[in-house]
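Mind having a look at this structure? Questions to follow.
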Amino acid sequence: MGGNFAVNSYLQFENYPSITGLVALGFCSAFKYEVNDRNSFLFSAAVPLVAYGVRPSYAGCDALLMKYAEEDFMKILTVGEVLSVHNYQSIQFSCEYQLRAAKHFSVGLGGAIEYIRIDAPKGRPFYMFDGSIKTVACVKF
């Protein structure tokens, strides 16, 4: 049980170029099941509680976003808004298998799925379902 900090950006190139940026704090939980001294599984889940998001008001970059990008890129952060459970929902599940190959080295394979819904600006929700597969190499000191 604990917390997580995530920084995400979503780029759209189809139809009109657009960008959505998020900085989120949330809750996470993990469970490690050790089959034996060499094999283990790690299951985790994460849910954001509050976030700060920058998203154009329509598909494509709006005039203010383009103006700030030209003048001073960091000013883009001022066009964002605070997002919470009512306008930003996300849940992520992951599973990872690890095989300890030596005393201080292990390898593994894992995967994750995530569902995201952002309703900011109001009335223009963004939905995304994401899946990933990863390989892991871990060295313990």
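The values are calculated or read from the model by the stated rules, or taken from the named source; none is laboratory data. No experiment lies behind these values; they were computed from the predicted model shown. Positions of Cβ are backbone-derived with ideal geometry, glycine not excepted, and every protein chain shown enters the neighbour counts. With ligands, DNA and RNA removed, areas are computed over all heavy atoms of the protein, side chains included. Shrake-Rupley method; radii C 1.70, N 1.55, O 1.52, S 1.80 Å.
Give me the pairs, please: first residue somewhere in the stretch 109-124 and without any contact (Cβ under 8 Å) to a residue 24 or more places away in the chain, second residue anywhere and β-branched (Val, Ile, Thr) and open to solvent by 60 Å² or more (accessible area, probe 1.4 Å), beta-carbon distance under 8 Å, and either six or more positions apart or on two chains.
111/133
Under the condition of being modelled with pLDDT of 75 or more and more than 24 Å from the chain's Cα centre (by Cα), which residue from the stretch 38-66 is surrounded by the most Cβ atoms within 10 Å (Cβ to Cβ)?
40
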